[in-house]
Structures are given as C-alpha cells and as structure tokens.
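Right, one structure below, let's go through it.
The values are calculated or read from the model by the stated rules, or taken from the named source; none is laboratory data. The model shown is predicted, which means the values in this text are computed figures rather than measured ones. Every residue, glycine as well, gets a Cβ built from its backbone with ideal geometry; the counts of neighbours run over all protein chains shown. Just the protein is used for accessible areas: all its heavy atoms, side chains included, with ligands, DNA and RNA removed. Shrake-Rupley method; radii C 1.70, N 1.55, O 1.52, S 1.80 Å.
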Amino acid sequence: MLATQMLPTMLVIIPIFLIYSRLELYNTFPGLILASTAWTLPYAVLLLRSFFVSVPVALEEQAMVDGCTRLGAFLRVTVPLSAAGVVAVSVFVFIWAWGDMLFPLILTKNIDHQTAALSLFNMMQSTRGATNYSGLLAAGVLFTVPAVVLFMSLQRQLVEGMMAGSLRE
C-alpha cells in the first residue's frame with residue numbers, strides 16, 4: 001500500500017485518466033472523490049497505524065470479555081482513544097485535497113466540477129497580461145479561509161494527535 005506513495009503522481013495520472021474515461025468517471029464528482037481518496041489512503045493508514053498501535057490490546061480484550069465483538073471493541077474502545085489521531089489525519093488529508101490541482105486538472109473539464117484551487121489557477125491564467133492582482137489576492141484569501149478555520153477549530157486535537165502518535169512507551 002505504501003509503495004503507491006513512492007510513485008510520482010505524473011506517472012499514474014495518465015493510466016487513471018484512461019481508466020476513468022472507460023468507466024465514465026471522467027468529469028464527475030464521484031471520480032474526483034475516488035481519485036483523491038485512493039491517493040491519500042496510504043498516507044492516512046500510515047499515520048493512523050501509529051495511533052491504533054499505541055492503544056493497549058488488553059483494553060480491547062476486556063471489552064470482548066464484556067460481550068463486545070472484535071468490531072465493537074474497535075469502535076467503542078480503540079477509536080475513541082485514538083480520536084486525536086483521527087482528527088490530525090483528517091485535517092492533513094483535507095488540506096491536501098483542498099489544495100490539490102493535478103487530479104482536478106486532468107480528471108475534469110467542466111468548470112462546475114473543478115475544485116477551488118483549480119478555479120483560482122484558471123482565474124490567474126485567464127487574465128493574460130491585464131492581471132487583476134487585488135482580485136486574485138482576495139480570491140486567494142477566500143480560498144485559504146476554510147483550511148484556516150478547520151485548523152483553528154481543531155488545533156487542540158491536532159496537537160494532541162501529533163504528540164500522541166510520536167510517543168512510544
């Protein structure tokens with residue numbers, strides 16, 4: 001799974017485009033979501049593994065003795081104890097997907113299906129010499145607002161998540 005992260009995005013984007021064309025996922029929101037999810041999933045698994053490993057197995061075993069299934073113990077014990085890590089990974093993946101330009105550039109043609117980053121890039125490219133810098137800077141600030149608000153609202157959990165994943169006992 002992690003070997004996919006070693007491949008440059010440019011290497012896999014053309015095969016993804018060809019597959020999407022055949023499956024009629026080209027220029028669709030589900031196709032864009034699927035590509036972003038598939039590309040960030042190995043990164044998320046790598047980060048989340050350290051959080052889930054840090055939860056003692058004895059806690060899950062005690063939950064199973066009390067009548068939980070394996071999945072129930074995972075959902076009721078492991079996930080709540082790893083909530084800070086889940087928040088940290090979610091913020092990192094959101095910021096990556098929010099600022100991604102390559103997948104939307106290749107996998108969409110309709111402006112209604114493009115992401116905000118690609119729309120901002122197209123706005124910058126469309127001026128050709130008569131650049132409206134104040135408009136571009138205003139759009140850039142508006143583009144960063146969701147990521148900043150998300151980070152600020154989850155900052156405490158994010159710091160806890162980074163600290164919890166880095167400490168080993």
Check your understanding: Gap in Å between the Cα centre of the range 100-162 and the Cα centre of the range 1-27?
Key -> 22 Å
Check your understanding: What order do 108, 9, 37 take when sorted by accessible area (1.4 Å probe), most exposed first?
Key -> 37, 9, 108
Check your understanding: From the square roots a ≥ b ≥ c of the eigenvalues of the alpha-carbon gyration tensor of the range 56-135, which class results: rounded (a/c under 1.5), prolate (a/b over b/c), or oblate?
Key -> prolate
Revision key, fill the gap. Subtracting the Cα-Cα distance of residue 61 and residue 153 from 0.36 nm times their residue separation yields 29.7 nm
Point to revise | Length gained when the stretch residue 70-residue 6 is fully extended (0.36 nm per residue, less Cα-Cα span) | key: 19.8 nm
Check your understanding: For the range 1-85, what % of the accessible area comes from carbon and sulfur atoms, probe 1.4 Å?
Key -> 72 percent
**Study point:** Candidates 51, 17, 92: whichever shows maximal mean-square fluctuation once the chain is modelled as a Gaussian network with Cα springs under 10 Å
**Key:** 17
Check your understanding: So how tilted is helix 29-53 from the main axis of the chain? Cα-based, degrees 0 to 90, rounded to 10.
Key -> 30 degrees
Practice item. As a check on your grasp of the helix formula, calculate [θ] at 222 nm for the chain: sum -39500 (n - 2.57) over DSSP H runs of n ≥ 4, divide by the residue count, round to the nearest 500. Key: -23000 deg cm²/dmol
Check your understanding: Hull surface divided by four, with the convex hull built on the Cα atoms of the chain: how many nm²?
Key -> 13.2 nm²
Point to revise | Principal-axis tilt of helix 116-126 within the chain, Cα atoms, nearest 10 degrees | key: 20 degrees
Practice item. Would you rank 39, 98 by solvent-accessible area, highest first, keeping every protein chain in place and using a 1.4 Å probe? Key: 98, 39
Review point. Please state the relative contact order of the chain as a whole percent: Cα pairs under 8 Å, 6+ residues apart?
Key: 29 percent
Review point. What does the charge dipole of the range 1-89 about its Cα centre add up to, to the nearest 20 debye, if the Cβ of each Lys and Arg holds +1 and the Cβ of each Asp and Glu holds -1?
Key: 160 debye
Point to revise | Within the range 1-71, GluC sites (Glu not before Pro) in DSSP loop having at most 16 other beta-carbon neighbours inside 10 Å | key: 24
Review point. Placing +1 at every Lys and Arg Cβ and -1 at every Asp and Glu Cβ, with all other atoms neutral, what dipole size does the chain have around its Cα centre, in debye to the nearest 20?
Key: 320 debye
Practice item. Pop out the ³J(HN,Hα) list for the range 63-72 in order, Karplus 6.51 cos²θ - 1.76 cosθ + 1.60 with θ = phi - 60°, rounded to Hz; leave Gly and Pro as x. Key: 5, 6, 5, 7, x, 7, 7, 4, 5, x
Check your understanding: In square angstrom, rounded to the nearest 10, how much accessible surface does residue 10 have for a 1.4 Å probe?
Key -> 130 Å²
Check your understanding: So what is the accessible area of the chain per residue, in Å², with the probe set to 1.4 Å?
Key -> 65 Å²
Practice item. List the longest stretch of the chain that has no exposed loop site; here a site is one of the trypsin sites (Lys or Arg not before Pro) assigned by DSSP to anything other than H, G, I, E or B, with at most 12 other Cβ within 10 Å. Key: 1-108
Review point. Carbon and sulfur atoms: what percent of the 1.4 Å accessible area of the range 93-153 do they account for?
Key: 71 percent
Check your understanding: So what's the angle, to the nearest 10 degrees on a 0 to 90 scale, between helix 155-166 and the longest Cα principal axis of the chain?
Key -> 60 degrees
Exercise for review: Along Cα→Cβ, 7 Å out, is where each label goes; now give me the distance between the ones at residue 44 and residue 119 in nm to one decimal.
Suggested key: 2.3 nm
Practice item. Give the residue from 86, 104, 133 lying farthest towards the positive end of the charge dipole for the chain; charges sit on Cβ (+1 for Lys and Arg, -1 for Asp and Glu) and the dipole is referred to the Cα centre. Key: 133
